[in-house]
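Step one of this worksheet: look at the structure below.
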Amino acid sequence: MTRSAHGVLFTSFLLLTPAAVRAQEVPQDTPAPTASQEQARPTGLPSRIKWTFNLDAGWGSFGFANSLFINPREPGVDEDLSDQWFEGYAKPALSGTYTFATSSEIYGKLSVVGERTYGSMPAAFGEDVSSFGPEDLSIGWRSGKSLSVGDNALDFVIGRTEYRLGHGFLLWDGAAEGGSRGGYWTNARKAFEFAAIGRFQPGPHKVEVFYLDKDELAESDSGSRLWGTNYEYRIGENTTLGATYMKWFADAAIKPERDGLNVFNLRAYAAPLPNTPDLSFEVEYASERNGKALDSNAWTIEGAYELSTVTWKPKLSYRYAFFQGDDPETATNEAFDPLFLGFYDWGTWWQGEIAGEYFLSNSNLKSHRVRVHVAPGDALSGGLIFYKFAFDQPRSVGPDVTATDAAFELDAYADWKLNQNLTVSFVGAYADPGKAVQQATGRTKNFAYGMAYVAYSF
């Protein structure tokens, strides 16, 4: 999207309503304002618009023993993060809403992101990597209570904005990180470079039509973009069924398997027993079809049970996930394309703080995950996650790889809310490479990883 188009979006948002406040020159001898005057002083922005300011920021320290130095998110990007590094970002945002007499609303958002990765040495970009640029720049309209079928039954938005499908199994992260931008783990950017989204939500139904163009790294821009349609049906408060079709496009010289790709997705997030709401299930399936360029499948199933009436509210869950790998014996490419997955919760859908973040991707992979989560209080939660990873097609990893065992991993995590705005997270992880990784890389050493991260939100 061009800079001029960005300017049109923002300017049109500001000018859609008359400005009730105009800037005035203040004489030098004017007395200092009182405390009450300070509170009532104008912003200089149109007063008929409800303005909201937000600031998100984060800083983290990361330590790695025996890293493989691989970036599974952006193939071809040299991402040598060494054994210890730091990341930080700040994202100020300004949102505005104008309400008509009918209760329908025009809304918009503007935000920027500055981020830095330092204390590491990405070979292609020098010792430190930092970037600053736009994040959100969007304008939209929603129907409010003006339609009898429900609040905000119609909603349209265009510009730089976020979009998430389900729990991020296929589609969430609209911007690439790492490389020349920095912020590999913090992942402060999520908005698509350009998005157009329309929603119709009468009662328990939701129908969406969308067009999305990813904000990619300059050094690995594949031209990936898509349009799609999504339908969801909500049953009560705890069950949602969904079905989605997507048509993808990309630079055929860079990602031939994605250019012209058809994706079909079915999913269910359910607590099906009204008398047992602590028992929940998740099922999701994805089919990718693009002739011989790509013919692949992925699916996952998860069951969880929470003892919500017990102290610490322990929750135990098991998940199996399958992402097809390419069979070297066939002319067709069967390697599942992970597309634009995102972070929904610990282990979803970056699988493993070591394996899934730094050397495995959601392709040619089978994973078993057991998670125990506890919440000692409203301000503190944590748990343990056990993973067993295996390759679907070991020979696609390397011609001499015959084993399927990829790795075993154990993650421990804790989230501590210091107050309404500050959260501190800690992670400790250990991974043991399997026989397949040893055959592919010659590696026998175990991995160890630690992280401390502070997040601020206002």
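Approximating the spin labels as points 7 Å out from Cα along Cα→Cβ, the LYS247-to-GLN420 distance works out to 4.8 nm.
The HN-Hα couplings worked out from phi for the stretch 131-146 by the Karplus form 6.51 cos²θ - 1.76 cosθ + 1.60 (θ = phi - 60°) are 7, 8, x, x, 10, 7, 7, 9, 9, x, 9, 9, 7, x, 9, 6 Hz, whole numbers, x standing for Gly and Pro. Between the helical axis of 3-15 and the longest alpha-carbon principal axis of the chain there is an angle of about 40 degrees.
Compare the peptides 191-198, 374-381, 52-59 by average per-residue count of other Cβ atoms within 10 angstrom and give them in order, highest first.
The peptides rank, most packed first, as 191-198, 52-59, 374-381.
Relative protection proxy for 283-295, 144-156, from highest mean packing down: 283-295, 144-156 (other beta-carbon atoms within 10 angstrom). In this structure the chain gives 48 Å² per residue of accessible area when probed at 1.4 Å with all protein chains present. When a/c is below 1.5 the answer is rounded, else prolate if a/b is larger than b/c, else oblate, so apply that to the stretch 162-250 with a ≥ b ≥ c taken from the square roots of the Cα gyration tensor eigenvalues. The shape class here is prolate. Expressed as a whole percentage, what fraction of the accessible surface of the chain belongs to carbon and sulfur atoms when a 1.4 Å probe is rolled over the protein heavy atoms? Here carbon and sulfur together make up 58 percent of the probe-accessible area. Against the set [x] 42, 27, 18; [y] 39, 27, 25; [z] 36, 26, 20, the structure's computed semi-axes √(5λ) of the Cα gyration tensor in Å falls on [y]. 3J(HN,Hα) along the stretch 410-423, derived from phi through the Karplus expression 6.51 cos²θ - 1.76 cosθ + 1.60 where θ = phi - 60°, amounts to 10, 10, 10, 9, 8, 10, 10, 8, 5, 7, 5, 10, 10, 10 Hz, with x in place of Gly and Pro.
Relative protection proxy for 423-429, 309-315, from highest mean packing down: 423-429, 309-315 (other beta-carbon atoms within 10 angstrom). By the helix-only formula, in which each DSSP H run with n ≥ 4 contributes -39500 (n - 2.57) and the sum is divided by residues, the chain has a 222 nm mean residue ellipticity of -1500 deg cm²/dmol. For the chain, averaging the sequence separation of C-alpha pairs within contact (under 8 Å, six or more residues apart) and dividing by the residue count gives a relative contact order of 11 percent.
With K and R counted +1 and D and E -1, the other residues having a Cβ less than 12 Å from that of LYS313 yield a net charge of -2.
Near the amide H of SER138, within less than 5 Å, lie the amide hydrogens of LYS109, ARG160, all on another chain or at least 5 residues away, with H placed in the peptide plane. Taking every lysine pair in the stretch 294-452 that is 8 or more places apart or spans two chains, those with Cα atoms closer than 29 Å amount to 11. Whole-Hz Karplus values for the stretch 315-323 come out as 10, 10, 9, 10, 9, 10, 10, 10, 10 Hz, taken residue by residue from phi with 6.51 cos²θ - 1.76 cosθ + 1.60 and θ = phi - 60°; glycine and proline positions read x.
The values are calculated or read from the model by the stated rules, or taken from the named source; none is laboratory data. Owing to the predicted nature of the structure, the values given are computational and were not obtained by experimental measurement. All Cβ positions, glycine included, derive from the backbone under ideal geometry; neighbour counts span all protein chains shown. With ligands, DNA and RNA removed, areas are computed over all heavy atoms of the protein, side chains included. Shrake-Rupley method; radii C 1.70, N 1.55, O 1.52, S 1.80 Å.
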